[in-house]
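Have a look at the structure below before the remarks.
The values are calculated or read from the model by the stated rules, or taken from the named source; none is laboratory data. Quantities reported herein were computed from a predicted structural model and do not represent experimental measurements. Cβ coordinates were reconstructed from backbone atoms using ideal geometry, including for glycine residues, and neighbour counts include every protein chain displayed. Heads up: the accessible areas ignore ligands, DNA and RNA and are worked out on the full protein's heavy atoms, side chains in. Shrake-Rupley method; radii C 1.70, N 1.55, O 1.52, S 1.80 Å.
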Amino acid sequence: MTRVHAFHGGVHPPENKRQSNGAPIRPAPIPPRLVLPLSQHIGAPAEPLVKVGDRVLKGQVIAEPIGRVSVSLHAPTSGTVTLIGPQPVPHASGMEANCIVIETDGQDEWIEHAGLEDYKSYTKSELINYIRNYGIAGMGGAGFPTDVKLHLGDDHIVNTLIINAAECEPYITADDLLIRERSDEILGGIEVIAHLLNPSHILIGIEDNKPQAIRALEDAVRGCHLNIDVVVVPTKYPSGGEKQLVKLLTGVEVPSGKIPADVGIVCQNVGTASAIYRAVHRGEPLISRIVTITGDAVDQRHNLDVLIGTQYSELLEASGVRRDDLYRLVMGGPMMGFTMKSDAVPVVKTTNCIIAATEEEMPPAPPALNCIRCGMCEQVCPAELLPQQLHWFAKGKEYDKAKHHNLFDCIECGACSYVCPSNIPLVQYYRNAKAEIRQEEAEKQKAEYARMRFEARQARLEQEKIEKELRRKARAEEAAKAQASKKDSAGAAKPAAAGGDVKTLKTAAAVARTKLKKAEKAFEQAKESGADNLAELEAAFNTAKQKADAAQQKLEQAEKGGTVAAAGAPDIKALKTAAAVARTKLKKAQSALKAAEEKGQDGIEQLRDTVKELEAKADAAQKAFDDAQAAPAPTAPVVDIKQLKTAAAVARTKLKQAEKALEKAQDSGEGDIAELEAKVKELEAKVDTTRKAFEEAEQGGSTPAKPAIDLAPLKEDMDKALAKVEKADAAAKAAEEKGLPTAEKMRAGVDKLRGKYEEAKKAYEDAEVQNAAAGGKPAIDLAPLKEDMDKALAKVEKADAAAKAAEEKGLPTAEKMRAGVDKLRGKYEEAKKAYEDAQAQNNAATPAVSAVNLDELKADMDAALAKVEKADAAAKNAEEKGLPTADKMRAGVDKLRGKYEEAKKTYEDAKAQGGAAVAAVAANLDELKADMEAALGKVQKADVAAKNAEEKGLPTAEKMRAGVEKLRGKYEEAKQAYVAAGGTVDADAKPDTVIVD
Amino acid sequence: MALIRSSSPHLHKMNQTGRVMRLVLLATLPGLAAMTFFFGWGTLINIIWASLLAVGFEAAIMKLRNRPIRFYLSDYSAVVTAVLLALALPPFAAWWVTLVGVFVAIVIAKHLYGGLGQNPFNPAMVAYALLLVSFPVEMTRWTEPFVLVSADSGWSVLSFVDTLKVIFGGIDTSVIDSYTGATPLDALRHRGGLTTEEAWRQVPVLADGIGAWHAVSAAYVMGGVFLLYKKIFTWHAPVSVLGSLAVLSTLFFIVEPDYFADPFFHLTVGGTMLGAFFIATDPVSSATSNKGKIWFGLGIGTLIFVIRTWGGYPDAVAFAVLLMNLSAPFIDQYTQPRTYGHAKAKRGLKGDA
Ligand code: SF4
Ligand code: SF4
């Protein structure tokens, strides 16, 4: 026997049940007219399916549910629909609502109906839907659609099913009689509910003032296979309140603002159970119910089996009402029921009792006095509130305080009003206050929405403005560029080189050369030590050399004509890929080497490793070259984007799958670990694709056209991963709150998901950084600028020469020509300046490339130019004055110009040999690389150690982490040095990404 | 057939304020009887006089405030206040003392604050404290229990008529003197150099008369238990008043029995029982929740002991109650009950705790 817990407060109003529980249930006569409100419960009203004039049969569906919280309506007997429209309904406000009115024909003709043969053979949702279609709504208080409660098993774990048979309100005996006479039906209904909710324990709570009903229940339960306990609770109002009954039977309190299902409990009324039985086993929809007719104003106080829709007046007549004595007509019990304005209202699915009271029986409440703070209300409040405080606050409209005093936990049971010695209608105050607060909140919500809408609009306008501005700027820039290019073409005889990526080509060539040199060196080494795979090596060397040469050639071509300039973009990507491959191979070789060293076998073993390494390098170089050679630039990135897109799409698909799995797991709660795991795995797969996409994006990141497109799918992935994490987290939290056993596992799942998200995020950020770096690097291309400059200079010279010739010949156009020369010189100055600026900028960006040398050379060149100009000016002067020295001076100028040309050439050579210089440094490269790799090794080691420490929660973890950062800084330095010296570093070598998994 | 419409609930416990007050009055009867038996007719005369005054003042105020007089008089609250005040006054208190007291209680302490339910202080105690401060001589001149008046005869109290004369000023004070003396609390306070032990033996009111006070206290306890049984109030306030007083006095008595009075003495003399059962349980001016009532009672018990032991006044119930009335709103804020379905009780007035 289950222990009965107590709840605070409660009252013992006179029971007044004896009057009506003596006689058995009798069927009420079929009335001539039935009025069926379309809304008999919480939720949306049903939608009529019949028209006026239709003949309906008993049990026929006449209105179907719309929305989730809604049930269908059936004709309680056969007859004709005579009206669909507003009629008075049983409601506290005495309002009218849409009803279907049926003129009965007295034949009570059933529609074809039969129960389910074996309800257990149906799926749960089919069965619940069936119940919903049979119009079953809670028959206790609010008339909550029963199917909604039956669905609770889907997303809640229901341990306990409570069947409410307490019937604590005075006067009412409908459930009492129902239990006495139809306990087998109730049990049948309970079995169906238990099948749907699968509770581990079923408790039937019943007050001790119904001994016959208790006996009937106990008899019925005895033969039942279910784990059912009949729990007899002491008679005390309001023990039948859902929350109170839960506390009584289980000792658990339903948390404020939650439903019992949140603590694993579902409550159903006995009447509902019996209705479910009838629907499932007999195919009878909810078309009648038992109603207690009582009160001093009727002669026969009894329980009738009443068709839904029967008007009160019929029932009162059938019970021998004395209309003169009738003073107050209450639907429901005296504590929580409503008074009716007239008896022309119909019985609905929730009507359990009609009290026709005389004035002596229920006199009007005496006038309210001041609250004397006697505290009696507090002593009886089952919600453990301070009713008198609430009363003060409600009266003074201090709603904040009322809310703080938990006004919304008041169940409006009326116990406080009942005991109040000052007769204060406390409940009425609370209802008012609640209604007003709700309205206030609704208004606040509205205002909030309005504000949000306004802000969203504001933001949109702002955004549009910015975009407009950007477009405008872009247009202006374009126009400016167009202007500039026009100018250029106007000034230049030859077409300008189309921004060819000479520089990147140069780098490629340099890299190729470096590789070549290494290959060469290795080859020589190998030759010296007499390795057996010399031939192979030689071949590799040769190809490498070929490629390097070709690359160089290409570069020269590009430098000369700029015709293949476009090929630059894809080069880097391809080279990078190659480098990545090379790096992997290199690493392998290195470790092999180390192993060999440890085993003490030098010589050939070592050599072989080295050779392998070189081979790898050669391969890389070759590949780089191939790519550089092959690529017609614009197509490569497109292909790449497509790939990325596909990858993203795949990731998204996987994501969706994972999402589905996750939802499933969430819904079904326990026992779905397997699915959870599947979900995690799928997410893993997704993240793999994400990472691949990232790598691609990274490789492609150096082609300036791509980043914007690349980032989008990554970002999407990241966001989706985040959403996933959040959803899973919420689910886990919910589970935790409910104390479900799966919570722990779910939490673990969430952590895993979060890890994935972190990865995705990192990938995205890395890609972003990469893009930014890529976008920033080749900022200004010196080569074309220089070309511009040189051309301008050439023009100046030509024009100058022409002018001089003209002067010498005394042509009249000499003046004009001179002016043209000056103009051209101005242009030259401009071009030069642009070039210098660009160079300065580039130097700032990449300070490593023997900039000092170049600058010096340039200074020389400039000085020489200045001299030329000065001399030129002097010579011109002399010419103009017709001095005899003019010729000599001219010769001097020419000499100077020759010098200048020389200086310029040196300078250009030096610049061209930027790569060569790098090549010279190449010998150092290996050293630098070794440094770098050592640094990387340290970083990784330290990182692992730090992570270990973190996992173990050691106090030193923090310091270790800082140490790792320092090491990483050093590694970055080393890397930079290495890169500056011409080495290439692929993404894998990044310490951040190495230890992700 | 006009059906009336009203909000639920449609039943009411016949539990009117008037009924509550009548029960309280009923519960004071044993105390009144004991007082009359031991100290003569004075208390009875005072109660009647005070009640008449209270009804008169109440009616006048109701008229001034334009309220239905009969309706409000029927709640008996004025009478209860008057009776409690009269029980606390010395039996021979002059008529004008009572008049002033009732005026202060009904007009100032109750109606100037808005009437029943709105008064922050217990009206009877406000009046008592004011009288004690204003007329210390009259207020400390207590009647001797009849056993001390003349040892030989049986019930040697002043006759009813003579008592009337004493109260309404028709007799000269020399007669009174033979019937009055110090209360036990006074006697113990002004015992000079005697130890409590010696005082108990040598001071007559302690040696022989103390029984009267014990009896009166017992009578109040009876009344209080009756009200508890009737669920007019809960046990929280009286038990915590008496408990804290008993614990404190026991502690001090154990440490220095020569100087401090024993706990039984503290519980049974002066206004302790009257205060614990009839004053501290006044719902209007006390804390609201059960938890709050316990704190409220603890405060009163502690203050009674502190003021009696170290304060300047012989009895302390009135001051202790008034001080705690003052703190009741504060106590209320921090002793809200834990509402069903909430993990813990809320504090303060709104969302700040
Ligand atoms: S109506 Fe509300 S405040 Fe009154 S007793 Fe019931 S739950 Fe408490
Ligand atoms: S029961 Fe009535 S009079 Fe008493 S405290 Fe509550 S509201 Fe005030």
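Things to note:
- Members of the range A:365-393 that are among the β-branched types (Val, Ile, Thr) and more than 7 Å from chain B (Cβ to nearest Cβ): A:Val380
- Within the range A:415-425, if we keep just the residues that are within 8 Å of ligand 1 (Cβ to nearest atom) and more than 7 Å from chain B (Cβ to nearest Cβ), the residue that is nearest to A:Ile372 (Cα to Cα) turns out to be A:Cys416.
- Taking the numbered list (1) open to solvent by less than 40 Å² (accessible area, probe 1.4 Å); (2) within 14 Å of chain B (Cβ to nearest Cβ); (3) more than 13 Å from A:Ile162 (Cβ to Cβ) in turn, A:Gly257 passes all entries but (1).
- Any hit, the range A:174-182, residues being aliphatic (A, V, I, L, M), outside any helix (DSSP H, G or I) and out of contact with any Phe, Trp or Tyr (no Cβ under 7 Å at 6 or more places or on another chain): no
- A:Arg431 vs. criteria near ligand 1 (Cβ under 10 Å from one of its atoms) and more than 19 Å from A:Gly10 (Cα to Cα): yes
- Residues in the range A:334-370 that are within 16 Å of ligand 1 (Cβ to nearest atom), among the hydrophobic types (A, V, I, L, M, F, W, C) and modelled with pLDDT of 85 or more: 3 in all.
- Consider the range B:1-46 and keep the residues that are more than 7 Å from chain A (Cβ to nearest Cβ) and more than 23 Å from the chain's Cα centre (by Cα). The one that is nearest to B:Phe160 (Cα to Cα) is B:Met14.
- Residues that are assigned to a loop (DSSP other than H, G, I, E, B) and open to solvent by 60 Å² or more (accessible area, probe 1.4 Å) were ranked within the range B:295-343; the one that is farthest from the other protein chains (Cβ to nearest Cβ) is B:Gly312.
- Cross-chain or 6+ apart pairs with Cβ under 7 Å, the range B:280-309 first and free of Cβ contacts under 8 Å to residues at least 12 places away in the same chain, then assigned to a helix (DSSP H, G or I): none
- Residue match in the range A:426-440 (condition: at the interface with chain B (Cβ under 9 Å from one of its Cβ atoms), surrounded by 21 or more Cβ atoms within 10 Å (Cβ to Cβ), basic (Lys, Arg) and within 16 Å of ligand 2 (Cβ to nearest atom)): no
- B:Phe121, sole failed condition from (1) closer than 22 Å to B:Pro314 by Cα; (2) within 14 Å of chain A (Cβ to nearest Cβ); (3) in a helix (DSSP H, G or I): (3)
- Residue count for the range A:316-363 satisfying the condition of being assigned to a strand (DSSP E or B) and facing chain B (nearest Cβ under 10 Å): 9.
- When the range A:1-33 is filtered for residues that are under 52 Å from the mean Cα position of the chain (by Cα), away from chain B (no Cβ under 14 Å) and open to solvent by less than 40 Å² (accessible area, probe 1.4 Å), only A:Thr2 remains.
- Failed condition for A:Ala415, given (1) modelled with pLDDT of 90 or more; (2) more than 16 Å from ligand 2 (Cβ to nearest atom): (2)
- Take the conditions (1) part of a helix (DSSP H, G or I); (2) under 24 Å from A:Gln379 (Cα atoms); B:Lys231 misses just one of them, which is (1).
- Qualifying residue in the range A:267-283 (condition: part of a loop (DSSP other than H, G, I, E, B) and more than 14 Å from chain B (Cβ to nearest Cβ)): yes
- Checking A:Glu181 against (1) over 41 Å from the mean Cα position of the chain (by Cα); (2) crowded, with 24+ Cβ neighbours inside 10 Å, the condition it does not meet: (2)
- Qualifying residue in the range B:94-102 (condition: within 14 Å of chain A (Cβ to nearest Cβ), in contact (Cβ under 8 Å) with a residue 60 or more places away in the chain, of a type outside the set (Ser, Thr, Tyr) and assigned to a loop (DSSP other than H, G, I, E, B)): no
- Filtered residues of the range A:361-383 (kept if surrounded by 21 or more Cβ atoms within 10 Å (Cβ to Cβ) and not hydrophobic (A, V, I, L, M, F, W, C)): A:Arg373, A:Gly375, A:Glu378, A:Pro382
Yes/no per residue for (1) over 30 Å from A:Val101 (Cα atoms); (2) touching a helix residue (DSSP H, G or I) at 6+ places or on another chain (Cβ under 8 Å); (3) away from ligand 2 (no atom under 16 Å from the Cβ); (4) open to solvent by 10 Å² or more (accessible area, probe 1.4 Å):
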{"residue": "A:Leu304", "(1), (2), (3), (4)": "no, yes, yes, no"}
{"residue": "A:Gln311", "(1), (2), (3), (4)": "no, no, yes, yes"}
{"residue": "A:Asp324", "(1), (2), (3), (4)": "no, no, yes, yes"}
{"residue": "A:Asp343", "(1), (2), (3), (4)": "no, yes, yes, yes"}
{"residue": "A:Thr351", "(1), (2), (3), (4)": "no, no, yes, no"}
{"residue": "A:Glu359", "(1), (2), (3), (4)": "yes, no, yes, yes"}
{"residue": "A:Lys397", "(1), (2), (3), (4)": "yes, yes, yes, yes"}
{"residue": "A:Phe408", "(1), (2), (3), (4)": "yes, yes, yes, yes"}
